[in-house]
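One structure below.
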Amino acid sequence: MLFIQLLASGIQTGALYALTAAGFALIFGATRIFHVAHGASFVLAGYAFVAASALGLHWAAAVLLATAVAVAFGMLVDLLVYRPIQRHEASFFTVFVASFGIVICVQALVQFQFGRGSVAVSTSLTRSAELLPGLYIAPVFWVAAGVSLALFTAVSLFLERTNAGLGLRALSENPELLRAYGLSSRRLSALAFGLGSALVVPGAILTAATTGIEPAASHRVMLISIAASVVGGIGSLRGAALAGLMLGVVENLVVLVLDTQWSEAASFVVLFVFIVFRPSGLFGKAVTS
Amino acid sequence: MIAYIVNLATLVAIFGIAAASMNLLIGYAGIFSLAHGAFFGIGAFAAAQLALNLTPDLLLAFLAAASLSIALSLCLALPALRVRGEYFIAASLGLQMFAVTVFHEAPSLTGGHGGLAGIPQATLLGIEVGTPWRFLAVAAVTLVLSLLLIQILMRGSFGRALMAMRDAESAAMAFGKNIPLLKTLAVAAGCGLVGIAGALYAFHISFVIGDSFTLEQSVLLQAMVIIGGAGTLAGPLVGTLLILLLPAALTFMPMIPPTEIGTVQQFLYGAAMTLLMIFRPGGIAGQSVGRR
């Protein structure tokens, strides 16, 4: 029963990882920007939700506010940081360092405003009920799984069925040709950043509602997103989501054999092994660097 | 006040060595490791264990720290040979996170969450060098020697081959350069040198704990190199001075409450990294990029 319990909590964590990682993979796939400040969007969305709830806003309004903050942040970073850099030098490391600088700034600002410790919103969603003897499931499990599945399906449909989605996929394949067809790569990259950043919101809010969110959470989110994208195959949305789910499950199941302190390290061992032995990931194309 | 300045100067020398070794990887070899903090820690723990169990001799500690770091640097060389760019950053990130877990959860090696305390004062060839002034001298001499070594290496054929590899790997390969060997050697040299810096750090602080060698430390070392100017000799030193003196200078600013200094410092160096990348990607000591 412990196994099923751990599997359940693994799926709950993994579903949220999957969405966050899919957002990262969406941005990377379309724009080829290694957006490590994705973790900062997560923290900002989480804190926006906490602050809005503290002000007594209705939860739906708080969710909207959090989404607005994440989307605006993602698009602003693209507009104010990545675009000027790409204008004069496209070295990926320059972009990476700039993005990392933003993560540090955001963490410092959030710390300054809300303190170092973690903050949480209390809801009735986290109250567990005994589903089977020895198996406790809180409603938040169904929320996490349902929201992730619904959003992921929606994004996949959007990418496959709409013109803008087609444009995003075209942007990742051949930006020059896209421009030749008269589509604006700028507008599409703004769309990728907006959409990708919006995908952190469920994870941020549910983290704030369950374990609580802290300023340093951005590092963890960034690491998980990178790990899931690499394991899933960089650029593949489906791969990132699946790998995110897998990482969440592995992280929880590892407790069966090792102490809990090692659970985070386990995901990084998975990441490391994948990079060394199968850098193209689960669904990626072969790496041509 | 004097003691404070001597302490600060010693830290500048130690981190100067660490930043110079980071520069060897980032600036000359084009290997963007995020695991440098971990190797700094490996050197520190090696020196600490040696000093606690056998002898506080500095040269032996350097030897132990450097050899352990070099041996473990193979873990970093492996992904460096296989992948590049984002993939390598991700791999080094994984290594860094795993190392921190080991630092915390292997008490017999690293003292676990309590760290290793009470490291005796260093001796050099039988002479006590643990007093602040003497240790500063030792650290400064080590810094000068490391910079000299890097300068000589980078002027020679090894350095030119490394830079060729950084700028155009396939071209360097076409000229008959052994790329896997070059990368392995570069990683070993960078990690060995930061191991030595770690050994100095262990003796200087006389207390090592896993918390000092986290991802933040790696990023800090990267920031020193990048803010100063990657691929230049003076760059890492300029960056080290700026980053270490900034919190000291902030202490004297009256309007900042002392508890918030860490946060303000963090914000400033994050902002410096981002703004420099936008306006001057070569760093302070680097060449400014011309407009195309």
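Computed quantities for the displayed model
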item: Within a Gaussian network of chain A (alpha carbon springs, distance under 10 Å), most fluctuating of A:Phe272, A:Phe73, A:Phe112; result: A:Phe112
item: At 1.002 mPa s and 20 °C, Stokes diffusion of segment B:177-292 via Kirkwood alpha-carbon radius, µm² per second; result: 132
item: Inverse mean reciprocal Cα-Cα distance (Kirkwood Rh) of the protein assembly as shown, Å; result: 24.8
item: Span from the segment B:95-126 Cα centroid across to the segment B:198-224 one, whole angstrom; result: 11
item: Percentage, to the nearest whole number, of Cα pairs in chain B over 24 Å apart; result: 51
item: Length released on extending from B:Arg155 to B:Asn178, taking residue separation times 0.36 nm less the Cα-Cα span; result: 6.4 nm
item: Minimum 10 Å² accessible area buried by the other protein chains, segment B:90-105 residues, probe 1.4 Å, relative to alone; result: B:Ala90, B:Ala91, B:Leu93, B:Gly94, B:Leu95, B:Met97, B:Phe98, B:Thr101, B:Val102, B:Glu105
item: Residue among B:Pro257, B:Pro180, B:Pro247 with the largest mean-square fluctuation in a Gaussian network model of chain B, springs linking Cα atoms under 10 Å; result: B:Pro257
item: Gyration tensor (alpha-carbon) shape descriptor, segment B:55-181, a/c threshold 1.5; result: oblate
item: Inter-label distance for B:Leu74 and A:Ala216, nm, one decimal - labels placed 7 Å from Cα along Cα-to-Cβ; result: 3.3
item: Relative compactness, segment A:148-289, computed as alpha-carbon Rg over 2.2 N^0.38 Å; result: 1.19
item: Listed residues A:Ala68, A:Ala144, A:Ala154, most fluctuating in chain A (Gaussian network, C-alpha, under 10 Å); result: A:Ala154
item: Neighbourhood charge, 15 Å Cβ-Cβ cut-off, centred on B:Glu216 and excluding it, Lys, Arg +1 and Asp, Glu -1; result: 0
item: Spatial separation of Cα centroids for segment B:227-258 and segment A:219-251, in angstrom; result: 36
item: Listing of segment A:75-105 residues, each with accessible area lower by at least 40 Å² in the full protein assembly than in the chain alone (probe 1.4 Å); result: A:His88, A:Phe92, A:Phe93, A:Phe96, A:Val97, A:Phe100, A:Ile104, A:Cys105
item: Förster-model FRET efficiency, 35 Å R0, B:Asp167 and A:Ala164, C-beta, rounded to 0.05; result: 0.35
item: Simple label model, 7 Å out from Cα along Cβ direction - A:Ala72 to B:Ala140, nm; result: 5.2
item: B:Ala271-A:Phe3 FRET efficiency (beta carbon distance; Förster radius 56 Å; 0.05 resolution); result: 0.75
item: Pair B:Leu233, A:Ser122: separation of 7 Å Cα→Cβ label points (nm); result: 6.4
item: Among B:Ser21, B:Leu124, B:Ala248 the positive-end extreme of the charge dipole of chain B (Cβ point charges); result: B:Ser21
item: Cα convex hull of segment A:2-217 - mean projected area over all directions, nm²; result: 13.3
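The values are calculated or read from the model by the stated rules, or taken from the named source; none is laboratory data. The shown structure was predicted, so the numbers you read here are calculated from the model rather than taken from an experiment. Using ideal geometry, Cβ is built from the backbone for each residue, glycine included, and neighbour counts are taken over all protein chains shown. Only protein heavy atoms, including side chains, enter the accessible area calculation; ligands, DNA and RNA are left aside. Shrake-Rupley method; radii C 1.70, N 1.55, O 1.52, S 1.80 Å.
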